[in-house]
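Working notes for the structure below.
Any read-out appearing in this document is the output of simple, stated calculations on the displayed coordinates, not a laboratory observation. As the structure is a prediction and not an experimental result, all values here were calculated from the model. Here the Cβ is made from the backbone with ideal geometry for all residues, glycine too, and neighbour counts use every protein chain on show.
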Amino acid sequence: MNIASRRLGSSLGQTSDGRFPDQPNDIELPPAAARADFRCNGEVFAIGGSAGASHSAWLAGKNLVNAAVLMSPAMEFDDPVSLQNSNFSHDVTNYAPNNLSAASPINVLASHAAPIFLMAFQQDSMPAPQYLLTVAKLAALVAPFDSQLLPGQGHSFDAGPTIKDQAITFLNAHRGRLASPAG
């Protein structure tokens, strides 16, 4: 089950326009549904790129998954440097009008968050501060994480072939870890 997909919650009876706070509410339901499904062994992981990485980070921050892989995520929507990028500014203000801080996945991260593997490109279309702010936050929280800043230009799933083995190793290292919702 791909829990990082947008509007997946709609198959579970949710309806919304896809903005904050409906979107996080939608993405929080599939991990619980997967665990409750007799075909699931109880282990749920999130892998996402760009906006999907932001949603995966939200799930990790709430400890709803065993671990998460984040490729080029938007994490701190109200970062003034990132907001100077017109594409970033448009996307986050459309997603969370007048609510950027509350909608920012970086603000749900805590020391008890699920382990996170974070990556971005040195020349990523996601503003560079998003990666740097996330690494700094995870390090300050002493939260379990690994990070990789890839050389060159790219975004999100462009990293797939490069980080595939490392991501699989990271996720496998967190198999058997019990995820439990944090309050």
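Tabulated results
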{"read-out": "Mean separation of Cα contacts under 8 Å (6+ apart) over length of the chain, as relative contact order %", "value": "23"}
{"read-out": "Mean shadow area of segment 53-183 over all directions, Cα convex hull, nm²", "value": "7.6"}
{"read-out": "Which of THR169, THR162 has the fewest Cβ neighbours within 10 Å, and the rest in rising order", "value": "THR169, THR162"}
{"read-out": "Net lengthening on full extension, SER147/ASN94 (0.36 nm per residue, minus Cα-Cα)", "value": "16.3 nm"}
{"read-out": "Whole-Hz ³J(HN,Hα) from phi, Karplus 6.51 cos²θ - 1.76 cosθ + 1.60, for segment 163-171, glycine and proline x", "value": "9, 3, 5, 5, 5, 5, 4, 4, 5"}
{"read-out": "Cβ-placed point charges (K, R +1; D, E -1), dipole of the chain about Cα centre in debye, nearest 20", "value": "440"}
{"read-out": "Theoretical ellipticity at 222 nm over the chain - DSSP helices of four or more residues, -39500 (n - 2.57) apiece, nearest 500", "value": "-11500 deg cm²/dmol"}
{"read-out": "Residue order, fewest to most surrounding Cβ atoms within 10 angstrom, among LYS164, LYS62, LYS137", "value": "LYS164, LYS137, LYS62"}
